[in-house]
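The values are calculated or read from the model by the stated rules, or taken from the named source; none is laboratory data. Not measured: the values here are computed from a predicted model. Neighbour counts run over all protein chains shown; Cβ positions are idealised from the backbone, glycine included.
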2 protein chains.
Amino acid sequence: MSLFTDYYELTMCASYFDNKNFEPATFDLFIRRLPENRSYFLFAGLEEALQYLQSIKFTEEHLAYLKKQGFNEDFLDYLGGFKFSADVWAVPEGTVTFPNEPLIRVTAPIIEAQLVETFLLNSINLQTMIATKASRVVHAAKGKSVIEFGLRREHGIDAGMKVARSSYIAGCQGTSNVLAGMAYGIPVFGTMAHSFVMSYPKEIDAFRAFTKTFPNKSTLLIDTYDDMAGAEKAAIVAKELEAKGFKLGGVRLDSGDLAETSKKVRKILDDHGLGYVKIFASGDLDEFKITQLLNDGARIDAFGVGTKMGTSADRPYLDVIYKLCETMTPDGGFSPIMKLSKDKITLPGRKQVYRFKNGDGSFRKDVVALADESAEGEPLLVKVMENGKLSYGLPSLEKIRVVASENLSKLPEEYKALTNASTYPVELSQKLQNLIETTKFQLTKNEINGAF
Amino acid sequence: MSLFTDYYELTMCASYFDNKNFEPATFDLFIRRLPENRSYFLFAGLEEALQYLQSIKFTEEHLAYLKKQGFNEDFLDYLGGFKFSADVWAVPEGTVTFPNEPLIRVTAPIIEAQLVETFLLNSINLQTMIATKASRVVHAAKGKSVIEFGLRREHGIDAGMKVARSSYIAGCQGTSNVLAGMAYGIPVFGTMAHSFVMSYPKEIDAFRAFTKTFPNKSTLLIDTYDDMAGAEKAAIVAKELEAKGFKLGGVRLDSGDLAETSKKVRKILDDHGLGYVKIFASGDLDEFKITQLLNDGARIDAFGVGTKMGTSADRPYLDVIYKLCETMTPDGGFSPIMKLSKDKITLPGRKQVYRFKNGDGSFRKDVVALADESAEGEPLLVKVMENGKLSYGLPSLEKIRVVASENLSKLPEEYKALTNASTYPVELSQKLQNLIETTKFQLTKNEINGAF
């Protein structure tokens, strides 16, 4: 994955190398702002980021390709012997975070710290975006099961895997993605497709064929032709199963007015004494549709949520960025760095995030402070790599899922509203504010008003 | 990749197996409708789909996992010896297509044809979506270069690769993704980041350091502190380079009012006799912003387009589906299949798409017909696999790019407008219409009004 990077990372590194710039520098990875209808982020993607940081290596094939691109031999020799030597601090996966809070902090010779930008952003963007979106869907479902069903429209193979993982972290019960089930130990779920029903001369033949293979817990898709007729046929098959000592698991609705249909289907099932048969719904669902369905009294027991969650369709990216915040000066001191571009100002200096809690453990506010300030809250960034080596026990996926659940439960409801949520308070420490002012003043003097 | 599939594909296959259903069936992969602000699709993703279809194989590890999921030994034995034996027809990559036109048609024992659904949808969804979006961006740029710059926010590793490929097919000049450059031979481009500028005590030091390494054709990012001051410094460095016999390539703007700024920067550069220095713009661009910039008289020579193209941000998925359209009856005849779910009706029978052209070669209309009808237009679907073997010479990426360019040039302007484009006519042949009516009548009789 070492060439899975923007070309400019390599040209900048070549120039750092050429200019013998190996001074340490610190970069922050953070998210600039909340998208519309998001009020927090559920941080995910660290495990992959750390796996990448431990494995950066340029092969002969890479170097031959870069040579053809015009990079010189000295730099290619350097890349051939590249070893990542950074200290890295990061927020654990499953943590609830907010804009402008450093999520990963990399301190290394600038040539190393720069090189890893693209991969880190790619990892954190996708997984944090999906975990955040999925946590909203799970919240909307109010305790009913949510299964991740989006594989067919997620963006490629890697996304299919990471979406399954991230949405499981966020509280989904499982995924339809079998490979993700095998790779991560996530429970896998599935029902049947319309094609299965249509491949039989009659719908009820399809139901009988499927339940012959899976006599217990089958879920029958009943909307291929007409959902009411489908429900009646499912009930007939359920009674046939009962006679043999089996139980139908559920029926699935995938089209039409799910709230109204689910009520009618519930009644048909109940009228046949099939109160145990669950109603599973899918079809274009997201947190808003699920809220509407539950408000409309839908009799749905579980939701299969696909495309809109798996692509974070209402906002398929985060404003995640990776910015230089500190360099070392020739005398061994540290020089704070910030960007003044319009609307894109960044926070200078090496930083830590402190979380303050209420008496009941719920989150009260965060304070972004300088890393060497003493502060009373709980620090969110922990050391994950020291001198390029992992110094952090990677938690299991189940553990991360628990961290996420605990974090979400401690975030007060007002910050979890699906729309118009309150803004969670994130303050800057006085020392950080002072540093911003002095840095801004110095830069303005040097770069804009000064002689050059 | 054989387990990169929805769980229900496997449960359905298990049931087909259990019920000894090995009859041939035909599935169509198609896109149900145009998203808002799309008026055509630029088809891409076939090469990967065909690579997958040639390589489906269940390993011991796969079978062990499936056994734990409760699949029975007979079925697992079948999967262990699985060989894909389908005949596959498809539209070549780079073809302009429209809703409800079959793009891939798979005819095989239903158990095989069903199994491949998820992967085919995943491949075609991402790549066709991105090729379509990128073709709009390239169209908006009116001949100015577009470079794909979205790697950091594309959805994972695989998306990063496929977006580079698909946007190159659609007419982008290159990508920032170095691995895609190596893997596909796509030209790679890059400038410098704000961090590079900020890592030096003064902005002009950064410009001098970078051009020392890359004395010709460097592009300097000039908006880190103040774009006007940045332009003046770039001009100083450009003159220093001239004195040594070199030429600065360009400057990059990444924030603010790009139209106004580009005009002022152009004037600064021209006042210094630097008419050859190009202006490169990036920052939140898409086809709409580029149109606005050009309408506002922006003096921009090339566009770096990232997130919004690389995630198809205004519509990050297509309504791409894979539907059964024909099964074989016990007597060896064929039985047309269609779905009656509300708003989700599908077209029965094995089909071909015929394209009719005007005298000048431009596209006039398409007709979806039954595969065995003789029709006058040019058939779009070609045979790509016979009995599970590739029967199609996979074109090079450059060739696909030419096909795309030719297709787009033959699509009349009225169908390429970025908003409110005319609807390209896609008709159904009379025989297909007749088949729809008889199939619908039969199904309604059997499944809804009939006894069951």
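Return yes when A:PRO412 is touching a Ser or Thr at 6+ places or on another chain (Cβ under 8 Å), buried (at least 20 other Cβ atoms within 10 Å of the Cβ) and assigned by TED's automatic domain parsing to the domain that holds A:ARG33 and no when it is not.
Criteria not met by A:PRO412.
Checking the structure you have, find out if any residue of region B:399-406 is crowded, with 16+ Cβ neighbours inside 10 Å, modelled with pLDDT of 95 or more and part of a loop (DSSP other than H, G, I, E, B).
Among the residues of region B:399-406, not one is crowded, with 16+ Cβ neighbours inside 10 Å, modelled with pLDDT of 95 or more and part of a loop (DSSP other than H, G, I, E, B), which makes the answer no.
Name the residue that is farthest from the other protein chains (Cβ to nearest Cβ), counting only residues in region A:173-185 that are surrounded by 24 or more Cβ atoms within 10 Å (Cβ to Cβ) and either more than 20 Å from the chain's Cα centre (by Cα) or farther than 10 Å from A:GLU148 by Cα (or both).
Here the answer is A:ALA180.
Filter the strands (runs of 3 or more DSSP E) completely within region A:280-386 down to those with at least 1 residues that are buried (at least 22 other Cβ atoms within 10 Å of the Cβ) and among the small types (Gly, Ala, Ser).
A:302-305, A:363-370
Per-residue answers, yes or no, for (1) in contact with a Cys (Cβ under 8 Å, 6 or more places away or on another chain); (2) of a type in the set (Lys, Arg); (3) away from chain A (no Cβ under 13 Å):
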residue	(1), (2), (3)
B:ALA298	no, no, yes
B:ASP319	no, no, no
B:THR327	no, no, no
B:PRO330	no, no, no
B:SER335	no, no, no
B:MET338	yes, no, no
B:ARG350	yes, yes, yes
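So, of the residues in region B:30-48 that are surrounded by 24 or more Cβ atoms within 10 Å (Cβ to Cβ) and within 13 Å of chain A (Cβ to nearest Cβ), which turns out to be nearest to A:GLY304 (Cα to Cα)?
That would be B:ILE31.
Touching a residue at least 12 places away in the same chain (Cβ under 8 Å) and more than 10 Å from chain A (Cβ to nearest Cβ), is that true of B:LYS142?
Spelling it out, B:LYS142 is indeed touching a residue at least 12 places away in the same chain (Cβ under 8 Å) and more than 10 Å from chain A (Cβ to nearest Cβ).
Residue-wise test of (1) of a type in the set (A, V, I, L, M); (2) farther than 30 Å from A:ILE400 by Cα.
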site	(1), (2)
A:ILE186	yes, no
A:ASP205	no, yes
A:ILE222	yes, yes
A:ASP226	no, yes
A:ALA229	yes, yes
A:ILE236	yes, yes
A:GLU260	no, yes
A:LYS263	no, yes
A:ILE268	yes, yes
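Among the candidates B:ALA131, B:ALA113, B:ALA140, which residue alone is under 20 Å from B:SER55 (Cα atoms) and modelled with pLDDT of 95 or more?
From the options B:ALA131, B:ALA113, B:ALA140, the qualifying one is B:ALA113.
Can you tell me which condition B:GLU260 does not meet? The list is (1) crowded, with 17+ Cβ neighbours inside 10 Å; (2) more than 7 Å from chain A (Cβ to nearest Cβ), and all the others hold.
The one condition B:GLU260 does not meet is (1).
Quick test for you: out of B:LYS202, B:LYS217, pick the one residue that is within 11 Å of another protein chain (Cβ to nearest Cβ), among the basic types (Lys, Arg), touching a Gly at 6+ places or on another chain (Cβ under 6 Å) and surrounded by fewer than 24 Cβ atoms within 10 Å (Cβ to Cβ).
When all the criteria are applied, what remains is B:LYS217.
How many of the residues making up region B:208-259 are more than 39 Å from the chain's Cα centre (by Cα) and outside any helix (DSSP H, G or I)?
Summing the residues that are more than 39 Å from the chain's Cα centre (by Cα) and outside any helix (DSSP H, G or I) in region B:208-259 gives 3.
Looking at region B:322-366, which of its residues are aromatic (Phe, Trp, Tyr), over 22 Å from B:PHE22 (Cα atoms) and in contact with an Asp or Glu (Cβ under 8 Å, 6 or more places away or on another chain)?
Result: B:TYR354, B:PHE356.
State whether the residues of region A:179-202 include one that is assigned to a helix (DSSP H, G or I), outside the structural domain of A:LEU126 (by TED's automatic domain parsing), of a type outside the set (A, V, I, L, M, F, W, C) and closer than 17 Å to B:ASN21 by Cβ.
Scanning region A:179-202, I find at least one residue that is assigned to a helix (DSSP H, G or I), outside the structural domain of A:LEU126 (by TED's automatic domain parsing), of a type outside the set (A, V, I, L, M, F, W, C) and closer than 17 Å to B:ASN21 by Cβ, so the answer is yes.
Pick out the one residue from B:ALA170, B:ALA159 that is in contact with a helix residue (DSSP H, G or I) (Cβ under 6 Å, 6 or more places away or on another chain), modelled with pLDDT of 95 or more, facing another protein chain (nearest Cβ under 7 Å) and farther than 22 Å from B:GLY249 by Cβ.
Matching residue, one of B:ALA170, B:ALA159: B:ALA159.
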